[in-house]
Number of protein chains: 4
Amino acid sequence: MISFENDYLEGAHEKILTRLVETNRIQASGYGSDEFSQKAAEKIREVLGCPKAMIRFLMGGTQTNQVVISSILKRFEGVIAADTGHISTHEAGAIELTGHKILPLSAIAGKITAEAIDHLIETFYKDATHTHMVFPGMVYLSYPTEYGTLYSLEELERISQVCRTHEIPLYIDGARLGYGLVCEESDVTIKDIARLCDVFYIGGTKIGALCGEAVVFTKNNEPVHFTTLIKQNGALLAKGRLVGIQFLELFSNNLYFEISKHAIDMAMKVKKGFIEKGYHLFIDSPTNQQFFVMSNEKVNTLKPFVQFANWETYDETHQVVRVATSWGTTEEQVELLLSLV
Amino acid sequence: MISFENDYLEGAHEKILTRLVETNRIQASGYGSDEFSQKAAEKIREVLGCPKAMIRFLMGGTQTNQVVISSILKRFEGVIAADTGHISTHEAGAIELTGHKILPLSAIAGKITAEAIDHLIETFYKDATHTHMVFPGMVYLSYPTEYGTLYSLEELERISQVCRTHEIPLYIDGARLGYGLVCEESDVTIKDIARLCDVFYIGGTKIGALCGEAVVFTKNNEPVHFTTLIKQNGALLAKGRLVGIQFLELFSNNLYFEISKHAIDMAMKVKKGFIEKGYHLFIDSPTNQQFFVMSNEKVNTLKPFVQFANWETYDETHQVVRVATSWGTTEEQVELLLSLV
Amino acid sequence: MISFENDYLEGAHEKILTRLVETNRIQASGYGSDEFSQKAAEKIREVLGCPKAMIRFLMGGTQTNQVVISSILKRFEGVIAADTGHISTHEAGAIELTGHKILPLSAIAGKITAEAIDHLIETFYKDATHTHMVFPGMVYLSYPTEYGTLYSLEELERISQVCRTHEIPLYIDGARLGYGLVCEESDVTIKDIARLCDVFYIGGTKIGALCGEAVVFTKNNEPVHFTTLIKQNGALLAKGRLVGIQFLELFSNNLYFEISKHAIDMAMKVKKGFIEKGYHLFIDSPTNQQFFVMSNEKVNTLKPFVQFANWETYDETHQVVRVATSWGTTEEQVELLLSLV
Amino acid sequence: MISFENDYLEGAHEKILTRLVETNRIQASGYGSDEFSQKAAEKIREVLGCPKAMIRFLMGGTQTNQVVISSILKRFEGVIAADTGHISTHEAGAIELTGHKILPLSAIAGKITAEAIDHLIETFYKDATHTHMVFPGMVYLSYPTEYGTLYSLEELERISQVCRTHEIPLYIDGARLGYGLVCEESDVTIKDIARLCDVFYIGGTKIGALCGEAVVFTKNNEPVHFTTLIKQNGALLAKGRLVGIQFLELFSNNLYFEISKHAIDMAMKVKKGFIEKGYHLFIDSPTNQQFFVMSNEKVNTLKPFVQFANWETYDETHQVVRVATSWGTTEEQVELLLSLV
């Protein structure tokens, strides 16, 4: 039985494990003040070409979104996001728990547009009753999106411009950032990401780490007393080294991008294979998540041998399945998959 | 330079690392539904003699306190705790962030009493204006306490009884549970803990794990939709296996208690050594945290060689230092320490 | 200058003022425990034919929605509402402030349907990832809606049925309840409202009172320690008599319905007059809020003489204006209005 | 049966009622933007000698504390207050509901000192672990206190100075402000209050109004988008005129201070009478709340004729009763009371 259900099926990339083992007995100070975390931040700043970036390590994506968004928004503000965005759908109300509304925009294949953001903000301020409404205070988008799709550099430039015009920060959820950046269709670099947004996170959990995400405040703009805010949210790890060491390894010798590239290679092989076998793409995704239309019968037949995520119902006899590859997917697994479907 | 600053200075016990490496490529389902976590829960249930206990794995102590307390309290309730308790002092307002007041009791050496709890509750209900006040809805205590002290079995029995009489749950913070249970002065077993409280957690971070705490609902009383509550709090780890595997190892072959015992042996050696050298105990602690009165001058002299936690000012020329041992402390380190002080 | 901008332009119905003056020196106990409030509740129970209804008086609509919704929802639940509903748009995020998400449904002329509610809930529970989502925990609708439209008895029966099937409470916002119930097109009585929902409120602020809304828990289902929850929300009036006396008067001698009827008569006169003068209805509303398409030029010409609410932009040269009548609108005002437009 | 149970037993001062009746049919804009509220603010600014003061009207004391404190504190901050302060005890956790901790100081007769405030803040910043603690972000005190006691001008000057030194705002709860200012022992004027604090409120509910408190931001320092914050808290009254008109009347022709003085005259008469009859003062209060030690037997004998508040148990056979006078207390009532006790 093999699984392509998601991109967090295995532990960690072996190089990361090795580094954890090697450093295990070195005594380090707590709560993210350790040298590993400092060095990892330095490595990331180099890769970003952003010497002033302020970097913190948190444990997971929902936690990161919750801590970052609630630390930046003012009490009267909400966050603009795609109605299909992770914070809108699959975080169990984590943002609302912090007292903030999500201002939803209709997404197309997971994406929102500069025009829609601008329209929402303009309409808000024109409304004579807007002091009785939630102020738009931030824009959230995922790169790549929850549907595996990508924003082009031009699209990001325009969204960034709208945010600047209206003086609200742009936050990019990079849970799968590496998988987006390295794929062929992408014309965006990690330096572009850093340049165009005010804060983003580099996903580790789904790209080779046991756990952990690196939050980057790109403009010397970390919220005041951010350590306290993280602690208050229950998100400050005593052994901060655990995430620091992992990101230190990920951002040494290009590992983060190499293993991202591997996942994309595997995904393209899957895509090509499925298309050749006559499957229809539900969404034409260039990244590590591939969405195919499959008959319910076929899904059932395959169940004992291979696992996908059931994404949604397509019609009465078909469903959309998601096949996810990751840093950990092997050629053998892909070949076995293709032989089975 | 060696450090006794706290009990989370190193990575993880080597057996845990080994298990993480061995299981690394096994595909596992996410969010705590994996087999490792299931097996770890089963092991813990056996050790507790509590076949109905419901067990969940979270990442850290503050997070655990926040998730558990906010999931159990009703909106109009607060939690009774020592004014020196971790939730009262060093969690940056994590409990208040969830909308709940902490009802403080004056602690003696970190401990609260059944009488004081009973008095608070009785006084509350007798007060004609109590509907304008926060209802006492839960009791929180730490075993061992933040001052390294212990409740006796009789003390815990009486506190448990008061909670039962008033029908409010008792929650025990076991960040250093092992260190409390194995020390000579303790007449409490982990089965007693499970029997006497409604929920507690078994600390992993400070006892051999990279991260992670095991929450135990002892009376088949896990809050409804607890997964969703964990997720909403940003506390649901995608790779739940990370904590599951660690607890599986900790609760296999008695490892948790063995390494706890080792830390206590080291602590007693430290204590004896310090006393022999004429240091005064600030608190007579039987556990892995030892508190000594030391001259500021001596502290400064030692600074380049050994690190303690500065606990509090004692008088103008002295301070209280905390020496913490852990699963990771070696005989050599203790001898070096004693030769230095 | 006369204004039809909204339905809270004047103070209170004169009978209410008189009752306030008459009772002014009678000493009464505080926080809603006074006899006036008790009598008012009794009068309302009689009118509802609901001897077990539990009734509380609060100060305003947003406060009422916030207190009621946050007192009923469990921590993991959200409230289903029209995307045009008051809580979704014009309460500045008051519901999210309490930690709860609003689960929006696309409204048609302000209304939602039993089918849409049922679909949302069914889809939620079918979703394999629903434990990572906000649970639907309540349905909110406004009668009449924010667009002045009405649900038919059959529509309410079906919505009520869906709520019962899924075992979630139905909450009706009756800020303008009287205006809905007395109009000719309505086939719903206040007894139907009480029978079909679990909790609703009878708006006072917009129907003759200085302030105040009466919350009715129809099924002996007031939340436990509701007084404390109200207090905690800053919503417990020391002189609860202020609202109690007003509702006592409103529900004595049918005053509430009489003055509601008067407002509807005035609204129908306005509607007829506008139609005769060639104005187009933006929405065909049977209640006290009338929506007309008017040229921007006309609006500007009228500005020194009469005030409307600018509802929204219609096209480049026209806007939608809202004309609201109330218990306080006089025949003279309506005639003057019609002579002006 | 007469009552001295509290100072909110009657409706409103007759002049206020008259003004409400006279202005009843004047159409006014909503949500506090009406001319009455503007004029009332202007009158208050004159009385304060504070032309830049920003003034808002809210409904009650708990609501005011909740809105003001949560609007000013940053997310990582708490509010320093007496452990006997209203927010610490009788607001059902309203401050914690907004996510903020109250940092309690031991009060003496309801009062806190500049020294204690300074010590708390100094200790906080000296603590090496303070980033894991709640930051002191504001000082709250009540003038007069919940025990009817007063701060001297010198005490307030020193507290104000400490707040300035540490750059945190001082907030004064003036639920009974008038009763404090006009009593003989007071050497504080309302101009002093305005000068020494950053924000305070002038209590209306207990001093002649049906409801309402006037919040004064003394240093041009109203929180940004405060209207939205008020609305979000469910505290924005549609007919803002209701409170505006009342404060307009209270601050015309010195009414606020005259009726405050009347209450104090009545309180002193009560005090003198009780002392003459041999009752012991529990606290020597100069304001409208008087606290006497009375035998339980006497309390029971009096119960059918006169009501007090049972403040607390004194000993097994005695209790502390609170006798409150107000703007509404008559000479006849006081004489009757004295003849009874």
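Structure above, values below:
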quantity	calculated
Total accessible surface hidden between B and A, rounded to 100 Å², 1.4 Å probe	4000 Å²
Burial of 50 Å² or greater, the stretch D:10-38 residues [accessible area, probe 1.4 Å, versus chain by itself]	D:Glu10, D:Leu17, D:Asn24, D:Arg25, D:Gln27, D:Tyr31
Neighbourhood charge, 15 Å Cβ-Cβ cut-off, centred on C:Ser339 and excluding it, Lys, Arg +1 and Asp, Glu -1	0
Residues in the stretch B:229-265 occluded by at least 20 Å² - accessible area, probe radius 1.4 Å, against chain by itself	B:Leu229, B:Lys231, B:Gln232, B:Asn233, B:Gly234, B:Leu237, B:Ala238, B:Lys239, B:Arg241, B:Leu242
Beta bridges per DSSP with both ends in the protein assembly as shown, % antiparallel, nearest 5	60 percent
Calculated over the stretch B:101-142: convex hull of Cα atoms, volume per residue (Å³)	71 Å³
Inter-copy separations for B:Glu297, label at 7 Å along Cα-Cβ, nm, ascending	6.8, 9.2, 9.6
Partner aspartates and glutamates for B:Lys303 [C-alpha distance under 14 Å; skip if fewer than 8 residues away on the same chain]	B:Glu5
At least 40 Å² of accessible area lost relative to the chain alone, listed for the stretch D:91-109 with a 1.4 Å probe	D:Ala92, D:Glu96, D:Leu97, D:Gly99, D:Lys101
Under 15 Å from the Cα of D:Lys111 - aspartates and glutamates, other chains or at least 8 residues apart	D:Asp83, D:Glu146, D:Glu154, D:Glu155, D:Glu157, D:Asp173, D:Asp284
Candidate aspartates and glutamates for bridging to B:Lys231, where Cα separation is under 14 Å - those fewer than 8 sequence places away on the same chain excluded	A:Glu91, A:Glu96, C:Glu77
Using θ = phi - 60° and Karplus 6.51 cos²θ - 1.76 cosθ + 1.60, couplings along the stretch C:88-103 (whole Hz; Gly, Pro as x)	7, 10, 10, 10, 6, x, 4, 6, 4, 4, 8, x, 10, 8, 9, 9
Centroid-to-centroid separation of the stretch C:1-27 and the stretch B:193-254 [C-alpha atoms, Å]	59 Å
Most fluctuating residue given options A:Phe124, A:Phe247, A:Phe291, as computed from a GNM of chain A linking Cα atoms under 10 Å	A:Phe124
Chain D - percent of accessible surface contributed by carbon and sulfur, probe 1.4 Å	52 percent
The protein assembly as shown, dipole about Cα centre (Lys/Arg Cβ +1, Asp/Glu Cβ -1), debye to the nearest 20	0 debye
Accessible area of the stretch C:260-340 divided out per residue, in Å², using a probe of 1.4 angstrom	47 Å²
Mean separation of Cα contacts under 8 Å (6+ apart) over length of chain A, as relative contact order %	25 percent
Amide H contacts of D:Met138 (H built 1.01 Å from N, under 5 Å, at least 5 apart or other chain)	D:Ile80
Chain D, closest residue to the rotation axis toward B, by beta-carbon, whole angstrom	D:Glu96, 2
Ellipsoid equivalent to the protein assembly as shown - semi-axes via the Cα gyration tensor, in Å	53, 43, 27
Where N is the number of residues in the stretch C:260-340, Cα Rg divided by 2.2 N^0.38 Å	1.02
Dipole axis of chain B (+1 Lys, Arg; -1 Asp, Glu on Cβ), positive-most option in B:Ile108, B:Asn221, B:Tyr314	B:Asn221
Karplus (6.51, -1.76, 1.60) ³J(HN,Hα), θ = phi - 60°, over the stretch D:318-326, in Hz, Gly and Pro reported as x	10, 9, 9, 10, 9, 10, 10, 9, 8
Assigned charges on the beta-carbon of Lys, Arg, Asp, Glu; the stretch B:14-255 dipole about Cα centre (debye)	900 debye
Inter-centroid distance (Cα atoms) of the stretch C:279-299 relative to the stretch D:278-309, Å	63 Å
Amide proton proximity set for D:Gly32, modelled H, under 5 Å, gap of 5+	D:Gly240, D:Arg241
Part-to-part distance (alpha-carbon centres) for the stretch D:56-114 and the stretch C:141-178, which is given in Å	39 Å
Most fluctuating residue given options A:Leu48, A:Leu255, A:Leu302, as computed from a GNM of chain A linking Cα atoms under 10 Å	A:Leu302
Overall dimensions of chain C as given by Cα atoms, namely Rg and Dmax in Å	20.3, 63
Cut-off under 5 Å, modelled amide H: who pairs with B:Ala309 long-range	B:Arg322, B:Ala324
Fluctuation leader among D:Ala128, D:Ala267, D:Ala109 - chain D, Gaussian network, Cα springs under 10 angstrom	D:Ala128
Table column - 3J(HN,Hα) (Hz), the stretch D:55-63, Karplus curve with 6.51, -1.76, 1.60, x for Gly and Pro	10, 10, 10, 10, 8, x, x, 4, 4
Given A:Lys271/A:Lys298; B:Lys43/B:Lys269; C:Lys191/C:Lys219; D:Lys191/D:Lys219, the pairs whose alpha carbons are separated by over 21 Å	B:Lys43/B:Lys269
Rounded accessible area of A:Lys239 (nearest 10 Å², 1.4 Å probe)	0 Å²
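The values are calculated or read from the model by the stated rules, or taken from the named source; none is laboratory data. From a predicted model like this one, the values you see are computed outputs, not experimental measurements. Ideal geometry is used to build each Cβ from the backbone, glycine not excepted, and the neighbour counts take in all protein chains shown. Keep in mind that these areas ignore ligands, DNA and RNA; they rest on the heavy atoms of the full protein, side chains included. Shrake-Rupley method; radii C 1.70, N 1.55, O 1.52, S 1.80 Å.
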